[in-house]
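This report concerns only the one structure given below.
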Amino acid sequence: MPSSFPQKAVHYTRALARWIKAGRPVRNEAEILHILNTFCLSCESYDPQRSICLHCGCRVNTSPSAATNKLAMGTERCPVGKW
Ligand code: SF4
């Protein structure tokens, strides 16, 4: 679990590189809402104050922008295998 800002920055940079290399695939609005509502909102690793996953440090929200929302980034998966 990334606990420091540098660790989170490295994680994000790697995720971004994977996403760009894969051709920038994105999930649609329905897919994003399904993952957020079904898995993240009830997850013990979800921080509702900051809308982030405490396990990986990524932002998880309803934004369609892959740059600001892990759920929109088609190459990303749940770090503990929930989705
Ligand atoms: S990405 Fe996975 S671990 Fe993180 S809050 Fe969502 S369901 Fe939980």
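Bear in mind that the values in this text are calculations on the coordinates, not laboratory data. Everything quoted here is computed from the prediction, not taken from an experiment. Positions of Cβ are generated from backbone atoms using ideal geometry, with glycine treated the same way; all protein chains shown enter the neighbour counts.
Listed values for the stretch 8-20 are Karplus-derived 3J(HN,Hα) couplings in whole Hz (6.51 cos²θ - 1.76 cosθ + 1.60, θ = phi - 60°), namely 5, 5, 5, 4, 5, 4, 5, 4, 5, 5, 4, 5, 5, and x replaces Gly and Pro. Excluding same-chain neighbours fewer than eight residues apart, the aspartates and glutamates reachable from residue 70 by a Cα-Cα span under 15 Å are 29, 31, 47. Think of the stretch 5-72 as having a plus end and a minus end, set by charges on the Cβ of Lys, Arg, Asp and Glu; of 56, 20, 45, 20 sits farthest toward the positive end of this dipole.
Multiply the residue gap between residue 80 and residue 13 by 0.36 nm, knock off their C-alpha separation, and tell me the result in nm, one decimal place.
On the way: separation 67, 0.36 × 67 = 24.12 nm, distance 1.94 nm.
Working it through step by step, the gained length comes to 22.2 nm.
Sort the stretch 33-73 into rounded, prolate or oblate with this rule: let a ≥ b ≥ c be the square roots of the eigenvalues of the Cα gyration tensor; rounded if a/c is under 1.5, and if a/c is not under 1.5, prolate when a/b is larger than b/c, oblate otherwise. Don't skip to the answer; put the middle values down first.
Details: a/c = 1.90, a/b = 1.26, b/c = 1.51.
It is oblate, given that a/c is not under 1.5 and a/b is not larger than b/c.
The overall shape of the stretch 5-72 is oblate: from the C-alpha gyration tensor, with semi-axes ordered a ≥ b ≥ c, the ratio a/c is 1.5 or greater and a/b is no larger than b/c. Amide H to amide H, with H built 1.01 Å from N, residue 73 comes under 5 Å of 27, counting only residues 5 or more places away or on other chains.
The GluC sites (Glu not before Pro) of the stretch 9-83 meeting both criteria, a DSSP state outside H, G, I, E and B (loop) and at most 13 other C-beta atoms within 10 angstrom of the site's C-beta, are 44.
Taking other residues whose beta carbon is less than 11 angstrom from the beta carbon of residue 56, and scoring Lys, Arg as +1 and Asp, Glu as -1, yields +4.
Segment residue 28..residue 44, full-extension length gain: 3.3 nm, with 0.36 nm per residue of separation and the alpha-carbon distance subtracted. Once backbone amide H atoms are built at 1.01 Å from N, residue 46 has 54 as its partners under 5 Å, excluding neighbours fewer than 5 places away on the same chain.
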